[in-house]
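Okay, so here's the structure we're looking at.
The values are calculated or read from the model by the stated rules, or taken from the named source; none is laboratory data. Treat the numbers as computed from the prediction; the structure is a model and nothing was measured. So basically every Cβ, Gly included, is an ideal-geometry build from the backbone, and we count neighbours across all protein chains shown.
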Amino acid sequence: MGTKKQKINWKHWMPFYLMFLPGAAYLLINNYIPLYGLQLAFKSFSYKKGIGGSKWIGFKNFKFLFSTSDAFIMIRNTLLYNILWIFIGMIFGITVAILFNEVKNAVAKKIYQTAILLPYLMSMVVVAYLVYAYLAGDTGLVNNAIVKGIFGKSDGVQWYGDQKYWPFILTFVQQWKQIGFGMLLYLASLLGIDNSYYEAAMLDGATKWQQIKLITLPLLKPTIIMLVILNLGQIFRSDFGLFYQVPMNQGALFGTTQTIDTYVYRALLENNNVGMSAAASFLQSIVGFIFIITANAIVRRLDENSSLF
Amino acid sequence: MVSKDQKRWNIAANIVMTIMTALAILPFILLIIASFTEENTALKYGYSYFPKAFSLDAYAYILQNASTFVRAYGMTIVVTALGTAASIVLTALTAYVLSKKGLPGGKILTLIVVFTMLFNGGLVATYISYVTIFHIKNTLFALVCPSLLMNAFSIMLVRNYFANSIPEEIYESARIDGASELTIFFKLVLPLSVPILATVGLMAGIAYWNDWQNALYYVDDKKLYTIQAILNSINDSISALTSLGGSAGVTVADLPSTTIRMAVAVVGILPVLVVYPFFQKYFAAGLMAGSVKG
């Protein structure tokens, strides 16, 4: 026997390292090799020369990017929509979760939940079709039945032609699609509240509203804080599908519908401007990383079990 | 005794939830009715819940071009089946390794996985590396591989299940019986983990079924189009209808395109609408499992 305190039994562990290989290979291809492509933000890319062979050009891509108004617009839109939706989603999510919990009939509960989750199951392409059925300028239901029908206007509103409507439309669509998930998020911790609190409160003659205000909301507070902080960690990212599909890729709407993700896509694949696209994408990765790390550090200080790592 | 206050809340809750239910479902009903509306009626009066005239023309067009849609459904099914199966195996294997207590370097392996949740190279770097290094443009890999095959959230979810729900003694007795680690994994661990793997598999399956982004980025060969890719291309420009059908000499003006658009969407979502009530419970459970992490 050797004198070493603890000899690692490699033969025992070897199979596990081998089992890790397929997953590691995928992460390498899908996540780690692309990191090598981050240098494109500082290069003048040509498909012929590839990532490594393209010429270094310093910060030129960033200079071009920020010399346009695009940079300001897409960052503003990304941040503002995210912040707005975090709070609207929180309020709706909690309200619907509490009301859903008040429904006592099991069959009704099942029907409500099934219906409310349905939009969340659909792809954004399908959502774009649904929105189009209501908002199409010539054949949309809103123009024909409401604008012309109820208000008696002779012309419909060109919803897909004027950017000022889109903060409202996108907010409505986002909430419509997300509300079922938001409800579940809070329902999970709502169901975790000990029933004896409510029983005691009822013995004391507390009304439902008092119970919500004095028991439910205070006990949900940690969940609310965690979710808000974790969501704030994501505010440099946006749902590409929502911003690309629902406004039907209309250029006239970019002022209120362009986010970092749609800009990166358009510059890369529609306008073939790899340089500026790479600069915006790089910025999103780095700033996004900082946000997430910060959010997690805060969450970890508040409650170790809720952080991502 | 149910108090008056409680009764009032119950009624209010039911009213609000009924309104939410209607809001969630009505758009789908409009879509379906629009697809059965007669073309000129739709053009004149717009899409409506109560159209003046119905017609099956839009579906007749789809039937005429059935091969396009059958092929697209075939692609969707192949991609979803392949992707989901591969995703479950990869996720379970990786999670299993991370769940091993005492594995030398286990912390580093966990970090390799978790880091991908925090930092991501972004679309440009990912796209260029997939296209110039791996040459996946217009291949089946393009629909299966990028971003959807495995994700760190699912791995950690499954890892925690393995670590907390499978007692260590089971492994020990299997080892004494001379089973190899791979046998233990496939014959013991997987069968014991059906609930969590079904959850993860369902989520992966939905992600593949719904995916249109990989097709948007990496595929322009129409033979590889999934049903979502077709929906996307028609959404992008209704003239895609004519090129998809492959019927030469037909222009959009000849087609009942206002209603076909909706009929194609109905064909795209119908299977999901039909099976959804049956897996709704698992879908909700999957979302909840993901939300309360670990």
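If I filter region A:265-274 for residues that are assigned to a helix (DSSP H, G or I), within 11 Å of chain B (Cβ to nearest Cβ) and more than 30 Å from A:Ala136 (Cβ to Cβ), do I get at least one hit? For region A:265-274, residues assigned to a helix (DSSP H, G or I), within 11 Å of chain B (Cβ to nearest Cβ) and more than 30 Å from A:Ala136 (Cβ to Cβ): present.
Taken over region A:144-168, the criterion of being away from chain B (no Cβ under 13 Å) and touching a residue at least 40 places away in the same chain (Cβ under 8 Å) is satisfied by A:Gly161, A:Asp162, A:Gln163, A:Lys164, A:Trp166, A:Pro167. Scanning region B:131-148 for residues that are among the aromatic types (Phe, Trp, Tyr) and within 8 Å of chain A (Cβ to nearest Cβ) yields a single hit, B:Phe134.
If you go through region B:116-158, how many residues are part of a helix (DSSP H, G or I), of a type in the set (Val, Ile, Thr) and crowded, with 16+ Cβ neighbours inside 10 Å? Selection size over region B:116-158: 8. The residues listed here are A:Thr78, A:Thr95; of these, the one that is touching a residue at least 40 places away in the same chain (Cβ under 8 Å) and either exposed (fewer than 12 other Cβ atoms within 10 Å of the Cβ) or hydroxyl-bearing (Ser, Thr, Tyr) (or both) is A:Thr78.
Among the residues making up region B:130-167, those that are closer than 20 Å to B:Pro195 by Cβ and either at pLDDT below 90 or touching a Ser or Thr at 6+ places or on another chain (Cβ under 7 Å) (or both) are B:Met150, B:Ser154, B:Ile155, B:Val158, B:Arg159, B:Tyr161, B:Phe162, B:Ala163, B:Asn164, B:Ser165, B:Ile166, B:Pro167. For B:Tyr161, state whether it is surrounded by 21 or more Cβ atoms within 10 Å (Cβ to Cβ), more than 11 Å from chain A (Cβ to nearest Cβ), under 25 Å from the mean Cα position of the chain (by Cα) and under 30 Å from A:Asn296 (Cα atoms). Yes: the conditions hold for B:Tyr161. For the structure I just gave you, tell me whether B:Val79 is more than 26 Å from the chain's Cα centre (by Cα), within 14 Å of chain A (Cβ to nearest Cβ), buried (at least 21 other Cβ atoms within 10 Å of the Cβ) and part of a helix (DSSP H, G or I). Judged against the criteria, B:Val79 is not a match.
Looking across region B:42-76, the residues that are touching a residue at least 24 places away in the same chain (Cβ under 8 Å), among the β-branched types (Val, Ile, Thr) and more than 14 Å from chain A (Cβ to nearest Cβ) come down to B:Ile62, B:Thr68. All of (1) exposed (fewer than 15 other Cβ atoms within 10 Å of the Cβ); (2) part of a helix (DSSP H, G or I); (3) more than 22 Å from the chain's Cα centre (by Cα) hold for A:Gly205 with one exception: (2). Applying a threshold of 9 Å to beta carbon distances and a minimum spacing of six or more residues, or different chains, the list of pairs starting in region A:33-59 at a residue that is within 11 Å of B:Ser129 (Cα to Cα) and ending at one that is exposed (fewer than 13 other Cβ atoms within 10 Å of the Cβ) reads A:Tyr36/A:Gly52. Restricting attention to region B:185-240, the residues that are more than 10 Å from chain A (Cβ to nearest Cβ), assigned to a loop (DSSP other than H, G, I, E, B), touching a Ser or Thr at 6+ places or on another chain (Cβ under 8 Å) and modelled with pLDDT of 90 or more total 3. Residue under question is B:Thr84, and the condition is that it be away from chain A (no Cβ under 14 Å), part of a helix (DSSP H, G or I), surrounded by 20 or more Cβ atoms within 10 Å (Cβ to Cβ) and among the β-branched types (Val, Ile, Thr); does it hold? So B:Thr84 passes the test. If you go through region A:143-161 and keep only what is more than 28 Å from the chain's Cα centre (by Cα) and in a helix (DSSP H, G or I), you end up with A:Asn143, A:Asn144, A:Ala145, A:Ile146, A:Val147, A:Lys148, A:Gly149, A:Ile150.
The number of residues in region B:175-189 being more than 37 Å from the chain's Cα centre (by Cα) and surrounded by 13 or more Cβ atoms within 10 Å (Cβ to Cβ) comes to 1.
Out of B:Tyr47, B:Tyr73, one residue alone is part of a loop (DSSP other than H, G, I, E, B), under 22 Å from B:Leu31 (Cβ atoms) and among the hydroxyl-bearing types (Ser, Thr, Tyr). It is B:Tyr47.
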